[in-house]
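*Asks:* Questions regarding the structure given below will be posed in turn.
Laboratory data are not the source of any read-out in this text; all were calculated from the coordinates shown. Please read all numbers here as calculations on a predicted model, not as lab measurements. So basically every Cβ, Gly included, is an ideal-geometry build from the backbone, and we count neighbours across all protein chains shown.
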Amino acid sequence: MNQRRNFFPRCSGWIFVLPFLILFSAFLLTPLLYGLALSFFNWEMLSPAPAQFIGWGNFREALHSDRFWASTLATARFVIMATPATVGLSLALALGINTIQGRRQAFYRASYFLPGLLSISVAGLLWTWFYNGEFGLFNAYLEKIGIKIPWLTSTSWAMKSIVIMSLWWCLGGATIILLAGRQQISQSLYEAASIDGAGALSSLWHITIPQMRPVLLFVTVTNIIGSFQVFGQTYIITRGGPEDSTRVLVQYIYETAFLHYRMGYGSAMCWLLFAFIAFFSVIQFMAMKERR
Amino acid sequence: MVVAAVGMSLLGAACSRQARPEVTLRFWNGFTGPDGRPMQQLVKQFNRENPDIRIIMQRMDWYTYYNKLFVAGIGGRAPEVFIIHASNIPRFIHADFLRPVDDLLEKEMGLDPKDFFPSAWNAAGYEGKQYGIPLDISIHGMYYNKTLFRAAGIVDEAGEPRPPRNQREFMEALRKLTLDRDGDGDTDQWGFVFNNTRNSILVLMVQFGGMFFDRDNQQCLLNSERNVRALTWCRDLIHQEKLVPSPENFTAWLGFRQGNVAMVFEGIYMLADLRKQTDLDYGVAPIPTIGEQPATLASSHIVCLRRDLKDSELQAACRFVRFLTDHSLDWAQGGQIPARLSLLETPRFRSMEAQSTFARQLDHVFYEPNQPFNNQFDTEFNEAVEKALRNSESPKAALDRAVENTQRAIRRYYDQWDQAKHSSSEPGAGL
């Protein structure tokens, strides 16, 4: 009896996490480790040849491949453009929405969040039409003032267009989180500051930003991770073109694995992508910690 | 009492068994466009006429179709009957998915290979064996806007629009049809636009006498002098003559439907799309001979069987395949050319005006290169063509690089093949 009484408190934690643990192991951990093992093999899924262990061969091939670096560069361009813009704009939006009270606040919150509810295929197709150089919505209006932008057809514009679309699509999520973060800050801090004669700008700089740092860190890190994994937008809107300028790493991995069926090479590149993301995330955490 | 009950239940089982189909076959294809409806009608008709067999059709768009088919196959859950494009046959053979049908043709299916359009029939064969039955011939042709042709005065004696037949007529038509209608300095009506650029360039390369691989499939010949000439001609049309827009995302098909583009090269499968539109006076014609010889691209949907069918499934599948090919005129109605020669001669096919115009090109069709490393070739080809047509690289340099990369894929493929021969493992064995 006594034993039984001890058993439950000791194991209750495990019992609660068990359902998640089973799903996590079956659908994440096992494929992850399988993928890691695969990355050391040369295995073409449709080839009659059995998988062959080639050590670091796949990693070496990736690091020496122009295509791999070109798609890494395209990914980096997306991250560099999209992340600061997302964090900056969503912070501005969150602070703006915070000043509105009551039902109107709920309305704005919902309307910014709404695009994110669309699936990427719907959003992507929609924007493909908006961006169409000849018959698209944007150029139809812009042409009235004598401007014609090669949204998806010029190598210098295509990635910017993808970033703009992505902002529209995912700004809402970050805004909601930052808004929640802003609303956690005690009003008394601002009252004290205003008694001390602080203006709006110095309140923002000395109270809002420092208080929101953990939330900002969270939004930035998740955004960088998400941006490194960008795929749906480019795949649907540009298919990697023009001239590979938007062929991001995930798309290259997808094509390698599921179009050319080179599973080992594809897995190796996945792990390289993981290494990039891990590297940048660690740097960010360290930077934020130091400042604290 | 017990005996009676058992007897009753047995009787019941027997009755319900008679009513229920004995064999169920899954039939997968990628006919998600307008071609889905005629196929669905055919499946319904077959199920009605053959109560002992039930066909369950599943459609997915071609983009995801092959992935799902491969994954299903590797997991041992591939459908019993499925459609693949002719160019994919070698890859499926190497993955050991397909059942050769040579022994079934005469007895089980009652089909005569001589009754099939030879190129289509051969496209479903590989190294002396037949791996499926071609259902149709999907061919490329030229669509043209009759209204724009009349307005530009490109008409015959009877006043009917006269589509160009050779390079000279094509260029003449281009000059007359490419217009700046509102006088703002920007062209807003194009004589011709590259739509489906990959296929158009393949056609032109063959017209210029080019080839893509050598006979043994060991060497990629994409950078041959003739192929370079074809691609250079296309680039000059855009950047020197300025008669054709760069094939950047100008969705030519949309432009054609809007009446802003006078000519496009496209597949016969687009007919269904145009038929929905009543305000466009369009015609179809063979692709003009721009190079030294007439040529156009064709492909076929091949009906294939899974390798490991049970006897009962095999018999049912053969009946279904036979039914499909016997009814391929119903299928052609939607915008296809049947692969059966005897059907091409029928008054019903002749009455399908657009289809029979496309069929006039049958004497000089070529099929897409079909190698197991086709996907890699495609990737390289598309990239080279894009670079050349955007003028960011010379056609020669772009094609040279494409060949270099394709050769790497070819080498890798043959290495693996040798390795497979030496290893004792079963074909298709994975990690």
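*Asks:* Would you mind computing Rg(Cα) / (2.2 N^0.38 Å) for the stretch B:260-343, counting N as its residues?
*Replies:* Rg over 2.2 N^0.38 Å, computed on Cα atoms: 1.52.
*Asks:* Please give the calculated 222 nm ellipticity per residue for the protein assembly as shown, where each DSSP H segment of at least 4 residues contributes -39500 (n - 2.57) and the sum is spread over every residue; nearest 500 deg cm²/dmol?
*Replies:* Dividing the helical sum by the residues of the protein assembly as shown leaves -17500 deg cm²/dmol.
*Asks:* Given bins 5 angstrom wide, list per bin the percent of all Cα-Cα distances in the stretch A:1-148, short to long.
*Replies:* 2, 6, 6, 7, 10, 12, 12, 12, 10, 8, 7, 5, 2, 1, 1, 0, 0, 0
*Asks:* Averaging over all projection directions, find the projected area of the Cα convex hull of chain B and quote it in nm² with one decimal place.
*Replies:* 26.8 nm²
*Asks:* Averaging over all projection directions, find the projected area of the Cα convex hull of the stretch B:248-394 and quote it in nm² with one decimal place.
*Replies:* Over all viewing directions, the stretch B:248-394 projects a mean Cα-hull area of 12.5 nm².
*Asks:* Bins of 5 Å, beginning at zero and ending with the bin holding the largest distance: percent of Cα pairs per bin for the stretch A:82-163, please.
*Replies:* 3, 13, 15, 17, 17, 17, 12, 5, 1, 0
*Asks:* With a Cα-only, solvent-free Debye model of the stretch B:147-300, what are the log10 I(q)/I(0) values at q = 0.13, 0.20 Å⁻¹?
*Replies:* Calculated log10 I(q)/I(0) at the listed q: -0.64, -1.41.
*Asks:* Among all helices in chain A defined by DSSP H, which have a length of 24 Å or more along the axis from Cα atoms plus a Kyte-Doolittle mean of at least -0.5?
*Replies:* A:2-24, A:66-99, A:155-184, A:263-291
*Asks:* Over the stretch B:33-99, how many percent of alpha carbon pairs lie in each 5 Å bin up to the one with the longest distance?
*Replies:* Here the calculated profile for the stretch B:33-99 is 3, 13, 23, 22, 17, 15, 6, 0.
*Asks:* Going by a ≥ b ≥ c, the root eigenvalues of the Cα gyration tensor, does the stretch B:269-317 fall in the rounded group (a/c under 1.5), the prolate group (a/b larger than b/c) or the oblate group?
*Replies:* Taking the square roots of the gyration eigenvalues as a ≥ b ≥ c, the stretch B:269-317 is oblate.
*Asks:* Taking a cut-off of 16 Å, what percent of all Cα-Cα pairs in the stretch B:328-431 are separated by more than that?
*Replies:* Within the stretch B:328-431, distances greater than 16 Å cover 72 percent of Cα pairs.
*Asks:* Could you tell me the distance between the Cα centroids of the stretch A:131-189 and the stretch B:287-304, to the nearest Å?
*Replies:* Cα centroid to Cα centroid, the span is 43 Å.
*Asks:* Okay, next question. Taking square-rooted eigenvalues a ≥ b ≥ c of the alpha carbon gyration tensor, is chain A rounded, prolate or oblate, where a/c under 1.5 means rounded and, failing that, a/b exceeding b/c means prolate?
*Replies:* Oblate is the answer for chain A, as a/c is 1.5 or above yet b/c matches or exceeds a/b.
*Asks:* Additional query: Taking 2.2 N^0.38 Å as the expected size of a compact globular protein, what ratio does the Cα radius of gyration of the stretch A:194-292 give against it, to two decimals?
*Replies:* 1.57
*Asks:* Let me know the whole percent of all Cα-Cα pairs from the stretch B:187-263 that are separated by more than 15 Å.
*Replies:* Every Cα pair in the stretch B:187-263 considered, those over 15 Å come to 60 percent.
*Asks:* Please give the per residue volume of the convex hull enclosing the alpha carbon atoms of the protein assembly as shown, rounded to a whole number of Å³.
*Replies:* Roughly 278 Å³ of hull volume per residue.
*Asks:* Neighbour counts of other C-beta atoms within 10 Å: give me A:273, B:341, A:29 arranged from fewest to most.
*Replies:* Taking fewest neighbouring Cβ atoms as first place, the list is A:29, B:341, A:273.
*Asks:* Further question: Per residue of A:242-248, count partner chain C-beta atoms within 10 Å of its C-beta, then hand back the mean as an integer.
*Replies:* 3
*Asks:* Whose amide H sits under 5 Å from the amide H of residue B:262, counting only residues 5 or more places off or on another chain, with H placed in the peptide plane?
*Replies:* Distant-sequence amide H within range of residue B:262: B:190, B:191, B:192.
*Asks:* If you don't mind, there's one more thing I want to ask. Output the Cα-based Rg and Dmax of the stretch B:9-165 in Å, rounding Rg to one decimal and Dmax to a whole number.
*Replies:* In Å, with Rg to one decimal and Dmax whole: 21.9, 80.
*Asks:* Still on this structure, I have one more. Run through every distinct alpha carbon pair of the stretch A:70-229 and return the Kirkwood hydrodynamic radius in angstroms, one decimal place.
*Replies:* Over the stretch A:70-229, the inverse of the mean reciprocal pair distance is 17.7 Å.
*Asks:* Quick check on the exposure proxy: order B:46, A:20, A:218, B:194 from fewest to most C-beta atoms within 10 angstrom.
*Replies:* A:20, A:218, B:46, B:194
*Asks:* If you don't mind, there's one more thing I want to ask. Might you report the magnitude of the Cβ-based charge dipole of the stretch A:211-292 about its Cα centre, with Lys and Arg at +1 and Asp and Glu at -1, to the nearest 20 debye?
*Replies:* Charge dipole, the stretch A:211-292, about its Cα centre: 360 debye, nearest 20.
*Asks:* Compute the convex hull volume of the Cα atoms of the stretch A:34-112, divide it by the residue count, and report the result per residue in Å³ as a whole number.
*Replies:* Taking the convex hull of the Cα positions in the stretch A:34-112, it is 168 Å³ per residue.
*Asks:* Here's a follow-up. Once the Cα gyration tensor of the stretch B:178-223 is found, what semi-axes does its equivalent ellipsoid get, as square roots of 5 times the eigenvalues, in whole Å, sorted largest first?
*Replies:* Gyration-tensor ellipsoid for the stretch B:178-223: 37, 8, 8 Å.
*Asks:* For the stretch B:139-205, compute Rh as the Kirkwood radius over C-alpha pairs and then the Stokes-Einstein diffusion coefficient at 25 °C and 0.890 mPa s; write the answer in µm²/s, rounded to an integer.
*Replies:* 186 µm²/s
*Asks:* Under a 10 Å cutoff between Cα atoms, tell me which one of B:301, B:140, B:239 has the largest fluctuation in the Gaussian network model of chain B.
*Replies:* Highest fluctuation of the listed residues: B:239.
*Asks:* Within 10 Å of each residue's Cβ, count the other Cβ atoms and sort B:412, A:213, A:103 from fewest upward.
*Replies:* Lowest count first: A:103, A:213, B:412.
*Asks:* Where does helix B:225-239 land angle-wise versus the long Cα axis of chain B, in degrees 0 to 90, nearest 10?
*Replies:* That helix lies at roughly 60 degrees to the long axis.
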